[in-house]
Amino acid sequence: MKLSELHPKQKAIIKSIGDIGELRDRLMDLGVLCGEPIQVVRIAPLGDPIEIRIGDEHLALRSDDAQNIEVEAISQLRQRERKGLS
Amino acid sequence: MIHIPFVGNPNTGKTALINAIAKSDLEVGNWPGVTIEKKEARFTYAGEKIALVDLPGAYTLSPYSLEEKITRNMLAEGKFEGIIDVIDTTNLRRNLYLTLELIDMQEPMVVALNMFDDFTKRGYELDTDKLQEILGISAIPTIASRGLGTQKLIDSAIATVKERTVPHIQPYQEHIEKEITFLMHAMPKTTLPPRLFAIHLLADDPYTLSLAKTLKQHDLIEKAVQARGRLEAHMQIPIKTIIAFLHMFNIHIESLSIAQKPNILQQKLKDQFILPLAAFSYLVFILLYIPCVSTMAAIKEELGMRWMLFETALLPFVAYGMSVLVYQLGSRFF
């Protein structure tokens, strides 16, 4: 699942950060790291940019960049746990 | 002349601190990105000539933006005697990221825990003694906007510079440490601190790489490439990711009880209830839920007891309905 597919208030865990060039290092410096919980706070009226929360930190991302961030929604994770697949 | 650069994340109050200490008049603002170039405030303190160097805010020493490059270049030139690391205490984890990078420079350093009033107001507590013990340097709570703690900060900064108190190394993972030591041994003398130089070479930082190239250290670069290859083969993760991880989590804020969670009830109230809209719909409810006594009396006079009781019983429901309506409709717009 991509970060850009989450809807507001949904929580997820970051799986991997794809090829977004220099921004990747910058995001890592700001705490966007694999395995970290992340939450979409809100999405701008035309769907770009989106505001995310990581720890106590609020960041705004272009949705183009958000498309390259692979996440797993927490509800998905719970479902998998229930099925015993995790 | 003692040069002391102020380094810290954007919008942590570096310039405000300098102004409070040196009684200078540098431009400040309550948004990030006000300081965009290197500025100096000079003054004499206890017979010592001091220049406080104001730098643009940076999240890291591997810069992304132009302002961060200014900060990194100033630090790389090495023309200073000690550093003051300004931390926004309300956002410890992100600020400690830069602090850990600065610690790798192994230069005399003092930490200013700025915005400490805001931090305590949010219900947090900080064990400063423990933080000082971990870092091996003084950490001084300050409130730049009101000029509190500045005296103590400059005193301990001068003491630190004189005694050359360098912070404790916060070790990375064992294999990384080995490669760092290996690279440090192969290193020429430069203005850049050797430990930071080694780490940046490992993490493939372009500036450090070009510096090594201009110094004709092709041997060293080759060694760094090999070291990175060894580590990545061993760990299966890019080295930059590991280092970012360690910078973020090397200091366990929670487990070392440096910060405590704020009062949960208070937080819940703030999060869910006391919003302007909720307050307004509550007001609507209170205004409607039971008619005032004179109204009740008037209804009894005109229509009789039963109508009055009916009215009294009905109105709470009307009030509830109205406040729900106000809240639901309002939350579409706010």
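The values are calculated or read from the model by the stated rules, or taken from the named source; none is laboratory data. Predicted, not measured: the structure shown is a model, and the values here were computed from it. Using ideal geometry, Cβ is built from the backbone for each residue, glycine included, and neighbour counts are taken over all protein chains shown. Please note that ligands, DNA and RNA were not included when accessible areas were found on the heavy atoms of the full protein model with its side chains. Shrake-Rupley method; radii C 1.70, N 1.55, O 1.52, S 1.80 Å.
Annotations
- Among B:CYS292, A:CYS34, the order of accessible area from largest down is B:CYS292, A:CYS34, computed with a 1.4 Å probe on protein heavy atoms.
- Area buried, chain A against chain B - accessible surface, total, 1.4 angstrom probe, square angstrom: 1400
- Helix-only mean residue ellipticity at 222 nm for chain B, each DSSP H run of n ≥ 4 adding -39500 (n - 2.57), per residue, nearest 500: -16500 deg cm²/dmol
- Residue order for B:PHE280, B:PHE285 - accessible surface, 1.4 angstrom probe, largest first: B:PHE280, B:PHE285
- Here is the P(r) of the stretch B:284-334: all C-alpha pair distances, binned every 5 Å from 0, give 5, 22, 22, 17, 13, 8, 6, 4, 2 in whole percents.
- Under 5 Å between amide hydrogens, built in the peptide plane, is the criterion, and for A:VAL41 it picks out A:LYS9, A:GLU51, A:ILE52, A:ARG53 among residues at least 5 positions away or on other chains.
- The mean number of Cβ atoms from other chains found within 10 Å of a Cβ in peptide B:59-70 is 2, as a whole number.
- DSSP beta bridges confined to the protein assembly as shown are antiparallel in about 60 percent of cases.
- Links that overshoot a 30 Å alpha carbon limit, given the list B:LYS38/B:LYS189; B:LYS38/B:LYS121; B:LYS14/B:LYS240; B:LYS14/B:LYS49; B:LYS189/B:LYS240; A:LYS11/B:LYS240: B:LYS38/B:LYS121
- Karplus (6.51, -1.76, 1.60) ³J(HN,Hα), θ = phi - 60°, over the stretch B:188-203, in Hz, Gly and Pro reported as x: x, 7, 10, 6, 6, x, x, 5, 5, 4, 4, 5, 5, 5, 4, 7
- Lys/Arg +1, Asp/Glu -1 at C-beta; the protein assembly as shown dipole; positive extreme among B:ILE36, B:MET322, B:ALA224: B:MET322
- Principal-axis tilt of helix B:174-185 within chain B, Cα atoms, nearest 10 degrees: 40
- Classified by the C-alpha gyration tensor, the stretch A:26-79 has an oblate form. Its axis ratio a/c, with a ≥ b ≥ c, is 1.5 or above, and a/b does not exceed b/c.
- Remark: the Cα gyration tensor places the stretch B:1-157 in the rounded category, a/c being less than 1.5.
- With DNA, RNA and ligands ignored, accessible area of B:GLU27 (1.4 Å probe; Å², nearest 10): 120
- In chain B, the longest principal axis of the Cα atoms and the axis of helix B:66-77 are about 40 degrees apart.
- 10 Å Cβ neighbours from other chains, averaged over peptide B:240-249: 4
- The protection proxy used here, the mean number of other Cβ atoms lying within 10 Å of each residue, ranks peptides B:59-67, B:130-138 as follows, highest first: B:59-67, B:130-138.
- In this structure, B:ALA159 and B:HIS185 have a Cβ-Cβ separation that, at R0 = 22 Å, corresponds to a calculated FRET efficiency of about 0.10.
- Per-residue average of Cβ from other chains inside 10 Å of A:32-43: 1
- Taking a point 7 Å out from the Cα of B:LEU325 in the direction of its Cβ, the residues of the stretch B:303-318 whose backbone N falls within less than 14 Å of it are B:315-318.
- Square roots of 5 times each gyration tensor eigenvalue, C-alpha, the protein assembly as shown, largest first, Å: 51, 30, 18
- Shape call, the stretch B:1-81: gyration tensor on alpha carbons, a/c limit 1.5: oblate
- Amide H partners (placed H, <5 Å) of B:ALA112, local residues excluded: B:ASP85, B:VAL86, B:ILE87, B:ILE140
- Listed residues B:TYR97, B:TYR327 arranged by accessible area, highest first, probe 1.4 Å: B:TYR327, B:TYR97
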